[in-house]
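The structure under discussion appears below in the form of structure tokens.
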Amino acid sequence: MLNFDYNIQTVIHFGKGKVSELGPELRKHSSNILFVYGQGSIKKTGLYDQITGILNEHNISFQELSGIKPNPHISSVRTGIQLCNDYELDFVLAVGGGSVIDCAKAIAAGYYWNEDVWDLFLGKEHEIKKTLPVGSVLTISATGSEMNGNAVITNEYSKDKLGIHHDLLRPQFSILDPTFTFSVPKKQTAAGIVDTFSHVLEQYFSKTTGAFVQNRLSEAILKTCIHYGPIALTHPTDYDARANLMWSSSLALNKLLTYGKQTDWATHGIEHAVSALYDITHAVGLAILTPSWMKYVLDDSRELFEMYAKNVWGYTEKDPYVLAMKGINKTKDFFVSLGMPTKLSEVGVKKENLSEIAEKATLLGSLGSVKKLDSTDVLCILNDAY
């Protein structure tokens, strides 16, 4: 196990009715905020009225930034920064899923940055010294953005999708009420399950030895997705299913599974290049690409895939290759059972764009750690997934 410094600073308010904590939490930080949300679902469910009622009750003034897309655009980030400057806002509240929270974090990061905010995504994130504080009310279980310092943004002009990470971007607080996910459509629920599952896999497959506890925690979250995912799809108001999936999505990417390990993230890097060009749902791309990545790197770390097949899926085959492939194939079958497509061609990706995607995926260098992938390797994976 590698050395690490433990820092999971976000205050979590988890459970039914916990939105009542929003007013007191905000009053600790601000009375003049930017309220960021998506494309209108919170108005349909009544959550918008609930949030604005709390803000008014606690004398918190606010400006709104709405219409955040599932792959949030840099133009929305720039608009948010301008609003914060124009109205002297000093806190960013995100109400929604990971895309909304990521947009809020990027606004927070860019507020004190004297150059264009996109520069941070081109490798200057280490120069972040100060950010606006962020809080979140989660409505979709998926990205884990409610409990980490990550933000992924799409530049709709250059067709690039890149991420930043900084501990200053961790939300000050996040409110997680599983009942807020009852109304999430089946496709989005399935995508969230895949997203959580994929986050765990990116950390589980690691050449770091001795990280026994991290691996067992990872397996527990994967099994939770396998058990409760189908239940949530069939019974969307099952509280235990929604609660377990919501907490799993947070734990999957709050660094708990990463500490002490070298992690991979190649599949995410490839998918970001795909969805930047085609604007497909992030988890859909992950579901398509993950089995192809698994097959491509299998010979470099077969023992990891044997462990995965045994401990997550319960296979006991003696032949190591057969065992590993059973785990890979079962992963693909699980994604299919959730309604995910299996080929890039099914979601409109053009064959002639695969080379461009491979180049964009490796724009900042090679990907992965289980096996270092250059653009040629990425192209092989894309072709297999096509």
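The values are calculated or read from the model by the stated rules, or taken from the named source; none is laboratory data. Only a predicted model underlies this, so the values are computations on that prediction, with no experimental measurement involved. A quick note on method: Cβ atoms are made from the backbone with ideal geometry, for glycine too, and the neighbour counts reach across all protein chains shown.
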| message | Scan region 211-223 and tell me whether some residue there is closer than 16 Å to A241 by Cβ, in contact (Cβ under 8 Å) with a residue 60 or more places away in the chain, surrounded by fewer than 24 Cβ atoms within 10 Å (Cβ to Cβ) and not assigned by TED's automatic domain parsing to the domain that holds K18. | response | yes
| task | Considering only region 228-262, state which residues are crowded, with 19+ Cβ neighbours inside 10 Å and either among the charged types (D, E, K, R) or within 30 Å of E356 (Cβ to Cβ) (or both). | result | R242, L253, K255, K261
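Which of the residues spanning region 26-40 are part of a helix (DSSP H, G or I) and surrounded by 19 or more Cβ atoms within 10 Å (Cβ to Cβ)? Break it down stepwise before answering.
Of region 26-40, the ones part of a helix (DSSP H, G or I) are 26-29.
Scanning region 26-40 gives a single hit, L26.
Give S345, S366, S337, S355 a once-over and let me know the one that is of a type in the set (G, A, S), touching a residue at least 12 places away in the same chain (Cβ under 8 Å) and more than 30 Å from A232 (Cβ to Cβ). Lay out the reasoning, then the answer.
Numbers: S345 fails: more than 30 Å from A232 (Cβ to Cβ); S366 fails: touching a residue at least 12 places away in the same chain (Cβ under 8 Å); S337 fails: more than 30 Å from A232 (Cβ to Cβ).
The conditions single out S355.
Could you pull out every one of the strands (runs of 3 or more DSSP E) wholly within region 144-262 that has 2 or more residues that are touching a Pro at 6+ places or on another chain (Cβ under 9 Å) and farther than 25 Å from K330 by Cβ?
On the way: elements: 150-155, 160-165, 173-176.
By residue number, 150-155.
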| field | Pick from region 121-152, criterion of a type in the set (V, I, T) and touching a residue at least 40 places away in the same chain (Cβ under 8 Å), ranking: surrounded by the most Cβ atoms within 10 Å (Cβ to Cβ) | value | V134
| message | I'd like to check something: does region 55-74 contain any residue that is part of a strand (DSSP E or B), in contact (Cβ under 8 Å) with a residue 12 or more places away in the chain, charged (D, E, K, R) and outside the structural domain of T189 (by TED's automatic domain parsing)? | response | yes
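Select, from T267, T362, the only residue that is surrounded by 23 or more Cβ atoms within 10 Å (Cβ to Cβ), in the same structural domain as V194 (by TED's automatic domain parsing) and β-branched (V, I, T). Before the answer, list the steps.
Working: T362 fails: surrounded by 23 or more Cβ atoms within 10 Å (Cβ to Cβ).
Going through T267, T362 in turn, the sole match is T267.
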